[in-house]
1. Looking only at the stretch 241-258, which residues are touching a helix residue (DSSP H, G or I) at 6+ places or on another chain (Cβ under 6 Å) and touching a residue at least 60 places away in the same chain (Cβ under 8 Å)?
2. Looking at the stretch 277-313, which of the residues that are aliphatic (A, V, I, L, M), touching a Ser or Thr at 6+ places or on another chain (Cβ under 8 Å) and within 22 Å of residue 224 (Cβ to Cβ) is surrounded by the fewest Cβ atoms within 10 Å (Cβ to Cβ)?
3. Starting from the stretch 277-296, keep only residues that are farther than 19 Å from residue 13 by Cβ, then list their pairs with residues that are assigned to a loop (DSSP other than H, G, I, E, B) and of a type in the set (A, V, I, L, M, F, W, C) whose Cβ atoms are within a distance under 7 Å, requiring at least 6 positions of separation or different chains.
4. Among the numbered conditions (1) surrounded by fewer than 20 Cβ atoms within 10 Å (Cβ to Cβ); (2) under 18 Å from residue 264 (Cβ atoms), tell me where residue 200 comes up short.
5. Out of curiosity, is residue 190 in a loop (DSSP other than H, G, I, E, B) and either more than 30 Å from residue 131 (Cβ to Cβ) or in contact (Cβ under 8 Å) with a residue 24 or more places away in the chain (or both)?
6. Kindly state which helices (runs of 4 or more DSSP H) lie completely within the stretch 56-172 and contain at least 3 residues that are farther than 30 Å from residue 31 by Cβ and not hydroxyl-bearing (Ser, Thr, Tyr).
7. Residue pairs, Cβ under 7 Å, 6 or more apart or interchain, first in the stretch 126-146 and free of Cβ contacts under 8 Å to residues at least 60 places away in the same chain, second loosely packed, with under 12 Cβ neighbours inside 10 Å and in a loop (DSSP other than H, G, I, E, B). List them.
8. Looking at this structure, is residue 164 in contact with a Pro (Cβ under 8 Å, 6 or more places away or on another chain) and buried (at least 16 other Cβ atoms within 10 Å of the Cβ)?
Amino acid sequence: MKYNRYIKNSVPVSEIGLGAWQLGKNSGWQDLSEKEAVELVEKSLDYGINFFDTAPNYGFGTGEERLGKALKRVDRSKIVINTKFGHSASGVTNYNSDSIRESLEGSLKRLQVDHVDSLIIHNPPFEYLDGNKNDHYEILERLIEEGKIKAYGASLDTSEEMKLLMDTTNAEVIEAFYNILHQDTSRAFPMAQEKKVAIIAKIPLDSGWLSGKYNSESTFNDVRSRWSREEIQTRAQLVNKVREILDGQDHLSQKAISFCLAHEAVSTVIPGSVNLAQLKDNVESINNPLSRELVEKLEDFYLNEVKDLNLSW
């Protein structure tokens, strides 16, 4: 495992992290037992993973609870935990600043820790990102002073959002929607590097499309049922073109993760692993880096064939 800079006063983070949405009950994708969830975290630690991304609404709080149980016996100073604010454990979406402290206290209790390394606002509406117009960031600064968090930021989907947040706040972390088919956020990566803002690359496999297991005939009965038949066919065609660029190389999912890691602004990538086999496959991405030539071809592909399609996540 390789490790990269995250935030000040934090140990370096593993370049492959664990996105922990799947650990909780009724996660909306695959329901793991508590035993399976704990085993997944323990195996992650065996692989050298020390970065864990969670949120209060993952499994209606049970995701944080199970992560906390799994990490209880680990030296806290050697692991990095990122959680969120905005989507509560009860399932209610609430971005009001007066709820930040209550949300964090709930997360700390479920995680069985006295602090988290970073607290980020969970995909907030654009108007909440301006630090000159919202008191959220004053509250987050106080939480840093109290030692309950080390840094704050937001989970965002566009470069415009990222630039506003970095322009008007002291955010040190951004969880950015970034993968081969969604590269807009990379336009803000140079600014993040200049300001020493850590980038967590989320949804690196584009909700499973870049795993290579879906095609134009795929149907979905979970949260992915949001995609229309037309969008499914469009995505399938784009994935086929990605395969062509990669010259039919095996392990598409590993190449997709390696694409994210190829950008020096990215501190860690958080693919979702619902079982030990997927976890192993994701970790092996570090042994399959992409050449600079292939990265540039995939960047050109996005600019010339994907950018203007406005794909939903």
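Taken together, the values in this text are just the output of simple stated rules run on the coordinates, not laboratory data. Predicted, not measured: the structure shown is a model, and the values here were computed from it. When we count neighbours, we look across all protein chains shown, and the Cβ atoms used for this are built from the backbone with ideal geometry, even at glycine.
1. 256, 257
2. Checking each candidate, the answer is 309.
3. If the second residue must be assigned to a loop (DSSP other than H, G, I, E, B) and of a type in the set (A, V, I, L, M, F, W, C), the pairs left are 290/262; 294/246; 295/262.
4. Of everything listed in (1) surrounded by fewer than 20 Cβ atoms within 10 Å (Cβ to Cβ); (2) under 18 Å from residue 264 (Cβ atoms), residue 200 misses just condition (1).
5. The answer is no for residue 190.
6. 136-145, 159-168
7. none
8. no
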